[in-house]
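**Student:** Dumping the structure here so I can ask a few things about it.
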Amino acid sequence: MAIVSMNSLLRQAQQHRYMVGYFESWNLESLLAVVDAAEHTRSPVIIGFNGGFLDNPERSVKENIYHYGALGITVAREAGIPICLLMNEAAHPSTLLRAIQAGFNAIMYAGSHDTPEELLETTRYLVRTAHACSVAVEAEAGTLPWADGHGGLAENGRATDPDEASAFVKETSVDALAVSVGNVHVLEGSTVSLDWELLAHIHRKVSVPLVLHGGTGIDRHALREAAGYGVAKVNVGTLLKRACLDSWSEIFRTPGRLEDDPHALLGGGGKQDMNRLARERMAEKVANFMEDLGSTGKA
Ligand code: 13P
């Protein structure tokens, strides 16, 4: 199937009151796990990679965005469900320009450290460029807090101001807007509930589909309600990495398993294969999440 535009996926979702998941990958297995889940549940889905991680200055080997673009496009074309390919949260506009060249059809700039003027200027520039190439642009108004992994916060966020958000969308023409309404990035071990009053206020003011980042830590029972408040996309990342690590940990803790035939453990694809197990476990988690988004059966 051809790659589908983010706008059409989100428009459909809004019309039929469900949300599309963006499940963030970092390698082949995690990407295939997302597509396995989407095909299994017949869900439209947004696949992709994180520009901040790919561009991380601590990387000892520089990543090539074109490899990731080729991977995403090929996987999307071979899949039997509608897929959009997103380069998420890149801190450098140049990463996003390369992503567009590499075939990503949606981008998001992470400009939380910019001044409001810088953010406006960079976003306008990216929207002009991306729209000329039929690529959608997501932006963020306000910033999400970051969990520190020990029950506290590593960074405080700033809740989205509805008037600011509305002005920002009008001045930039972005296609979707991520909002900070109680959601927290990389939160594990507990969940947060959303500030519904604030979300409703933003929804009244902002015309484009809203996006919730920090999907892993959002209370899943309440999540489905968000579709009624203009939310059409939910970003999920940590959930997949934890599922992958848990599956490997199960193997590492089984006495003697690592001494087994290396080809059975890696690459064989059979019962003992670590990456096969990780792919299955990630796909299960993603499929469950799709149920809560209401995207199951909507492909
Ligand atoms: P989580 O890792 O908290 O699910 O958030 C992912 C995310 O928002 C990526 O943009």
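What follows is calculated from the coordinates using simple rules that are stated; it is not laboratory data. What you see is a predicted model; the values in this text were computed from it and never measured. Note: ideal-geometry Cβ built from the backbone for every residue, glycine included; neighbour counts use all protein chains shown.
**Student:** What full-extension length gain, to one decimal in nm, is calculated for S60 and E78 as 0.36 nm per residue of separation minus the Cα-Cα distance?
**Tutor:** Extending this stretch completely gives an extra 3.3 nm.
**Student:** Would you calculate the separation in nanometres between label points at E280 and F252, each defined as 7 Å from the Cα along the Cα-to-beta-carbon direction?
**Tutor:** For E280 paired with F252, the spin-label model returns 2.1 nm.
**Student:** Can you figure out the FRET efficiency of E259 with S5, using R₀ = 51 Å and their beta-carbon distance, to the nearest 0.05? Please report the intermediate quantities before stating the final value.
**Tutor:** Values: r = 50 Å, r/R0 = 0.97.
E between E259 and S5, to the nearest 0.05, is 0.55.
**Student:** What relative contact order, as a whole-number percentage, does segment 47-171 give when Cα pairs under 8 Å and 6 or more residues apart are counted?
**Tutor:** Relative contact order, segment 47-171: 18 percent.
**Student:** Which order do K298, K233 fall in if you start with the one that has the fewest other Cβ atoms within 10 Å?
**Tutor:** K298, K233
**Student:** Which order do peptides 77-83, 262-268, 284-290 fall in by mean Cβ count within 10 Å, highest first?
**Tutor:** The densest-packed peptide leads the list: 284-290, 77-83, 262-268.
**Student:** Students often get this wrong: which residues of segment 141-168 have the backbone nitrogen under 18 Å from the point 7 angstrom along Cα-to-C-beta of A200?
**Tutor:** Zone members listed by number: 160-163.
**Student:** Using a basic spin-label model with each label point 7 Å from the Cα along Cα→Cβ, how many nm lie between E39 and S173?
**Tutor:** Distance between the two pseudo-spin positions: 3.8 nm.
**Student:** Something else: With a cut-off of 19 Å, note down the residues of segment 253-292 whose backbone N falls inside the zone around a label point 7 Å from the Cα of H67 toward its beta carbon.
**Tutor:** Those under the cut-off are 267, 275.
**Student:** Over the chain, what is the mean sequence separation of C-alpha contacts under 8 Å (at least six apart), divided by residue count, expressed as relative contact order in percent?
**Tutor:** Dividing the mean separation by the residue count of the chain yields 22 percent.
**Student:** Would you please classify the overall shape of segment 239-279 from the alpha carbon gyration tensor, given that a ≥ b ≥ c denote the square roots of the eigenvalues, rounded means a/c under 1.5, and beyond that prolate means a/b larger than b/c while oblate covers the rest?
**Tutor:** oblate
**Student:** For the ranges 88-100, 53-65, what's the packing order if you count other beta-carbon atoms within 10 Å of each residue, average per peptide, and put the highest first? If you can, show how the numbers build up before the last one.
**Tutor:** Values: 88-100: 21.0, 53-65: 12.1.
Going by the mean number of other Cβ atoms within 10 Å, highest first, we get 88-100, 53-65.
**Student:** Using 0.36 nm per residue, how much length does the chain from S190 to T115 gain when fully extended, once their Cα-Cα distance is taken away?
**Tutor:** Taking S190 through T115 to full extension adds about 23.8 nm, to one decimal.
**Student:** Taking the mean number of other Cβ atoms within 10 Å as a proxy for protection, how do you rank 155-164, 2-11 from highest to lowest?
**Tutor:** 2-11, 155-164
**Student:** To check you understand DSSP bridge types, tell me what percent of the beta bridges within the chain (both residues inside) are antiparallel, rounded to 5.
**Tutor:** The answer is about 10 percent antiparallel.
**Student:** Further, regarding this structure: Can you list the residues, at least 5 places off or on another chain, whose amide H is less than 5 Å from the amide H of E155, using H built in the peptide plane?
**Tutor:** Correct list: W146.
**Student:** Which lysines have a Cα lying under 19 Å from the Cα of K241, excluding residues fewer than 8 positions away in the same chain?
**Tutor:** By straight Cα distance, K241 reaches K285.
**Student:** My understanding is that a pair violates if its Cα-Cα distance is over 20 Å; which of K271/K298; K205/K233; K170/K298 do that in this structure?
**Tutor:** Long pairs (Cα-Cα over 20 Å): K271/K298; K170/K298.
**Student:** Got a sec to turn the phi values of segment 47-64 into Karplus ³J(HN,Hα) couplings, 6.51 cos²θ - 1.76 cosθ + 1.60 with θ = phi - 60°, whole Hz, x for Gly and Pro?
**Tutor:** 10, x, 9, 9, x, x, 6, 5, 9, 3, x, 7, 5, 7, 10, 6, 7, 9
**Student:** Still on this structure, I have one more. Based on alpha-carbon centroids, what's the gap between segment 1-54 and segment 225-299 in Å, whole number please?
**Tutor:** 15 Å
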